[in-house]
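Shown next, in structure tokens, is the structure this report addresses.
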Amino acid sequence: MIYAGVKELLDEKLEEYHHAGFIENDPVAIPHMFSKKQDIEIAGFWTAILAWGKRKIIIDKAKELVRMMDGAPHDFILNHSENDLRPFSKFRHRTFNGEDALYFIHFFRHYYSHRDSLEAAFLEGVDPSTTVGPGINGFYRLFLSLDHPQRTQKHVSCPGRKSACKRINMFLRWMVRDDDKGVDFGLWRRLKPAQLICPCDVHVGRVARSLGLISRKQTDWAAAEELTANLRRFDANDPVKYDYALFSLGVEESGELAKR
């Protein structure tokens, strides 16, 4: 049961946090360094995948990757030499290492040699009646379709493996929402905000359960779907905008703005 006053509370917190000032201290600041679509996609996807732990460290590590790509991700991906790859072998962020970084570059080079936008990679099985769930499953298969290190599989999740897919859903929010506040990019047009699933991790899940937005005990794909279904009752066209509000309530609960 959703508790009384929840929509009012979420709308209040949305207004408080959903503005351009949010960008500077959030991982979304990294794709905001760019104006070219492919640069935004590459920097955004890679940053989202690294987005666990303290936000300052996430931002610093993503900036390190951008520097190694000479500040031009798309051009680097398509035109790098073998010598250019050497610094990536030493890259580390928590369990993400150089072997993973080199595969990401390998995948991006193969993909962008044939496609103009990463949006196409998330469209398999998606139609106006579905959420992005089938598309994330399709992307997972595509991403791992090249010869890859076994260890790299753990860095990209999918609903088919019961994951909540928090980082992928955050990336999709960045790319799909047409955001009049200037935080999300709205670069992609074939996927719609109404099809998105709310990013859900243990912090958001805890807040959502306290508000009656999730009844499921596990923080998995089914919980993320349940959360999003309840948020659609407040805004059917853009339920995931309430990610900002749930995040802000999680910050107030933990007292640590640095953690996401």
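Give the residue, chosen from Leu50, Leu65, that is within 15 Å of Phe171 (Cα to Cα), touching a Phe, Trp or Tyr at 6+ places or on another chain (Cβ under 7 Å) and aliphatic (A, V, I, L, M). Show your work before the answer.
Details: Leu65 fails: within 15 Å of Phe171 (Cα to Cα).
None of the other options fit; the residue is Leu50.
Please tell me if His155 is in contact with a strand residue (DSSP E or B) (Cβ under 9 Å, 6 or more places away or on another chain), farther than 22 Å from Lys36 by Cβ and touching a residue at least 24 places away in the same chain (Cβ under 8 Å).
Numbers: in contact with a strand residue (DSSP E or B) (Cβ under 9 Å, 6 or more places away or on another chain): yes; farther than 22 Å from Lys36 by Cβ: yes; touching a residue at least 24 places away in the same chain (Cβ under 8 Å): yes.
Considered against the rule, which asks whether it is in contact with a strand residue (DSSP E or B) (Cβ under 9 Å, 6 or more places away or on another chain), farther than 22 Å from Lys36 by Cβ and touching a residue at least 24 places away in the same chain (Cβ under 8 Å), His155 comes out as yes.
Return yes or no: is Val156 more than 17 Å from the chain's Cα centre (by Cα), crowded, with 19+ Cβ neighbours inside 10 Å and more than 14 Å from Val240 (Cβ to Cβ)? It is false that Val156 is more than 17 Å from the chain's Cα centre (by Cα), crowded, with 19+ Cβ neighbours inside 10 Å and more than 14 Å from Val240 (Cβ to Cβ).
Just so you know, in the range 18-40 the residues that are of a type in the set (Gly, Ala, Ser) and outside any loop (DSSP other than H, G, I, E, B) include one that is nearest to the chain's Cα centre (by Cα), and it is Ala29.
Could you grab me the full set of residues in the range 14-64 that are among the basic types (Lys, Arg) and modelled with pLDDT of 95 or more?
Residues of the range 14-64 that are among the basic types (Lys, Arg), as a first pass: 36-37, 54-56, 61, 63.
Scanning the range 14-64 gives Lys36, Lys37, Lys56, Lys61, Lys63.
Any idea how many residues of the range 167-211 are in a loop (DSSP other than H, G, I, E, B) and over 18 Å from Ala245 (Cβ atoms)? Final tally of qualifying residues: 9.
If you go through the range 212-254 and keep only what is in contact (Cβ under 8 Å) with a residue 40 or more places away in the chain, in a helix (DSSP H, G or I) and of a type in the set (Asp, Glu), you end up with Glu225, Asp243, Glu253.
What residue, among those in the range 121-153 that are under 26 Å from Arg94 (Cα atoms) and of a type in the set (Ser, Thr, Tyr), is surrounded by the fewest Cβ atoms within 10 Å (Cβ to Cβ)? Break it down stepwise before answering.
Here is the first cut: in the range 121-153, the ones under 26 Å from Arg94 (Cα atoms) are 136-137, 139-153.
When the remaining residues are screened for being of a type in the set (Ser, Thr, Tyr), the result is 140, 145, 152.
Numbers: Tyr140: 21, Ser145: 10, Thr152: 20.
Only one residue fits best here, namely Ser145.
Name the single residue that is nearest to Met175 (Cα to Cα) among those in the range 13-34 being touching a residue at least 24 places away in the same chain (Cβ under 8 Å) and among the acidic types (Asp, Glu). For the range 13-34, the residue satisfying everything is Asp26.
The values are calculated or read from the model by the stated rules, or taken from the named source; none is laboratory data. Given the structure is predicted, the values throughout are model-derived calculations rather than measurements. Please note: Cβ atoms are built from the backbone with ideal geometry, for glycine as well, and neighbour counts cover all protein chains shown.
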